[in-house]
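Here is the structure we will look at, set down as structure tokens.
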Amino acid sequence: MPDAVDGPSSFGTPLTPGAITAVLLGSGELGKEVVIELQRLGVQTLAVDRYPDAPAMQVAHRSAVIDMRDPEALRQLLITERPAVVIPEIEAIATQVLAELEQSADWPLRIVPTARATVLTMNREGIRRLAAEELGLSTSPYRFVESLDQFTEAADALGWPVVIKPVMSSSGKGQSVVKDRAGIEAAWQYAQTGGRAAADAGHAVRCIVEGFVDFEVEITQLTVRHAGGTTFLDPVFHRQVDGDYAESWQEPSGISSLPEAVQVEARDVARTITDALGGWGVFGVELFIAGDRVIFSEVSPRPHDTGLVTLVSQDLSEFAAHARAVLGLPVDTVTRFPGAAASLPIKAHGTGVATFDGIGEALATDPSVQVRLFGKPSVDGERRVGVVLARGADTAQARAVVANAAARISTRLT
Ligand SMILES: Nc1ncnc2c1ncn2[C@@H]1O[C@H](COP(=O)(O)OP(=O)(O)OP(=O)(O)O)[C@@H](O)[C@H]1O
Ligand SMILES: [Mg+2]
């Protein structure tokens, strides 16, 4: 059983004194879906981010713009709001404030899934040491480094190629695969500037160096810890390009290309790491599959971008499951639609405000096709601005349907 944290015993009415309030820290496209699901349960929502009109803010009751890495600003907001539940959607948060307020004697704040889980997973060192050194899970070989010399030494010791990542980074920022000594300096420079904590005077950015895992496929084992126990969703397969997901698909266990033993092992690994993190909510456990080996990579204590596919593959998406779980409600069964499902993100490159053409044509390609446009207020660089989703009899068909539909959509920036 998950930890004995109480959920609300009754549900109120938004915008009245009896409302249950949820604060979302981070207001991207994943948070937007969580807000919609919370609202379906009559929860009052406050969406927070560092910029106005973020996707989740557009559907929440209220919004606030603060720098969530600023401990004072975050503490002030949470003390003023006193929400029933705090739902972090991103890693770049002053998590020490969450830990402090969770322990507050007169008014303990409920953090999803737990403040400790947000602290451990925001830093690759915390979660890697927990997984590999405390729990004994299989991971890539790794070392932590703080200088170019240490990086070179680590790579020689681990064996080439290696992957270097700042310990505080996500979406592939600051991350490179290095084949040999010739690439080491450029990779070190990128790691120093690409992550969340760029190097300040005299302080190198701490990095993890990992041995390259030659995997056949990678999956996200979505795992729901809830009032009724732990529920595992069917594995989500995905393909990553430059540290960002380029495609994901989900197939029912009955027609899965993963051997039954590997599926069981994936769930065992997911149970071990999520039990260690505790609390209620959805977790995205990222695993590499090499032969019959299941290698733990990392875990998000929240819905996962590759899990957008669950918007069309299940009756309860990962977002609906998260909303229920964090409110202390059971998520014992999640019904899969028959066959496989796939998702393909729509990306925009450049600077400006997005306009989309071809949505009707995309939807007309197949009755199962759905499109979500995130409503990101502007684009600067490469940004995920929407997703195309579809189902098929099997994986090959679902991926083909989604690719065909996505090809009809074009994005202009003005
Ligand atoms: N040791 C490794 N060996 C082989 N490939 C790796 C390794 N580490 C990472 N990758 C590849 O890079 C991708 C991104 O890595 P990782 O998940 O650690 O970064 P991230 O910045 O946290 O990305 P995200 O925030 O999108 O999950 C992985 O999904 C995998 O495809
Ligand atoms: Mg990842």
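The values are calculated or read from the model by the stated rules, or taken from the named source; none is laboratory data. Please read all numbers here as calculations on a predicted model, not as lab measurements. So basically every Cβ, Gly included, is an ideal-geometry build from the backbone, and we count neighbours across all protein chains shown. These area figures cover heavy atoms from the full protein model, side chains too; ligands, DNA and RNA do not enter into them. Shrake-Rupley method; radii C 1.70, N 1.55, O 1.52, S 1.80 Å.
Couple of notes before you dig in:
- Per-region count, the range 155-176, residues open to solvent by 60 Å² or more (accessible area, probe 1.4 Å) and near ligand 1 (Cβ under 7 Å from one of its atoms): 3
- Selected residue (criterion: farthest from Leu78 (Cα to Cα)) from residues of the range 1-22 that are among the hydroxyl-bearing types (Ser, Thr, Tyr) and modelled with pLDDT of 95 or more: Thr13
- Filter result for Phe319 (of a type outside the set (A, V, I, L, M), at pLDDT 95 or above and in a helix (DSSP H, G or I)): yes
- Taken as a whole, the structure leaves Ala84 outside the set of residues that are open to solvent by less than 30 Å² (accessible area, probe 1.4 Å) and of a type in the set (A, V, I, L, M, F, W, C).
- In the range 228-244, of all residues being hydrophobic (A, V, I, L, M, F, W, C) and open to solvent by less than 30 Å² (accessible area, probe 1.4 Å), the one that is farthest from ligand 1 (Cβ to nearest atom) corresponds to Leu233.
- Number of residues in the range 238-257 that are in contact (Cβ under 8 Å) with a residue 40 or more places away in the chain and out of contact with any Gly (no Cβ under 6 Å at 6 or more places or on another chain) equals 12.
- Filtering the range 300-318 to residues that are open to solvent by 10 Å² or more (accessible area, probe 1.4 Å), within 13 Å of ligand 2 (Cβ to nearest atom) and in contact with a strand residue (DSSP E or B) (Cβ under 6 Å, 6 or more places away or on another chain) leaves Ser300, His304, Asp305.
- Matching residues in the range 50-70 - criterion: being among the small types (Gly, Ala, Ser) and either assigned to a strand (DSSP E or B) or modelled with pLDDT under 95 (or both): Ser63, Ala64
- Inclusion of Ala73 among residues that are in a strand (DSSP E or B) and at pLDDT 95 or above is not warranted.
- So Ala182, is it hydrophobic (A, V, I, L, M, F, W, C) and free of Cβ contacts under 8 Å to residues at least 24 places away in the same chain: yes
- Qualifying residue in the range 289-307 (condition: in contact (Cβ under 8 Å) with a residue 24 or more places away in the chain, over 23 Å from Pro141 (Cα atoms), away from ligand 1 (no atom under 16 Å from the Cβ) and not in a loop (DSSP other than H, G, I, E, B)): no
- Per-region count, the range 333-384, residues buried (at least 20 other Cβ atoms within 10 Å of the Cβ), in a strand (DSSP E or B) and small (Gly, Ala, Ser): 6
- Subset of the range 160-187 (residues that are more than 16 Å from ligand 2 (Cβ to nearest atom) and either in a loop (DSSP other than H, G, I, E, B) or of a type in the set (S, T, N, Q) (or both)): Trp160, Pro161, Lys179, Asp180
- Matching option when the condition is under 23 Å from Val35 (Cα atoms) and of a type in the set (Ser, Thr, Tyr), among Thr230, Thr272: Thr230
- Check on Ala132, within 23 Å of the chain's Cα centre (by Cα) and touching a residue at least 24 places away in the same chain (Cβ under 8 Å): yes
- Of the listed requirements (1) among the aromatic types (Phe, Trp, Tyr); (2) surrounded by fewer than 22 Cβ atoms within 10 Å (Cβ to Cβ); (3) more than 14 Å from ligand 1 (Cβ to nearest atom), Tyr190 misses just one: (3).
- Test: residue in the range 324-347 that is within 15 Å of ligand 1 (Cβ to nearest atom) and touching a helix residue (DSSP H, G or I) at 6+ places or on another chain (Cβ under 7 Å): yes
- Filtering the range 251-259 for residues that are within 16 Å of ligand 2 (Cβ to nearest atom) and either of a type outside the set (Asp, Glu) or at pLDDT below 95 (or both) leaves an empty set.
- Taking the range 277-288 as the range and being part of a strand (DSSP E or B) and small (Gly, Ala, Ser) as the test, the residues that pass are Gly281, Gly284.
- In the range 91-122, the residues that are open to solvent by 30 Å² or more (accessible area, probe 1.4 Å), closer than 25 Å to Lys173 by Cβ and modelled with pLDDT under 95: Glu91
- Residue-level check: of (1) assigned to a helix (DSSP H, G or I); (2) at pLDDT 95 or above; (3) more than 14 Å from ligand 2 (Cβ to nearest atom), Pro330 misses just (1).
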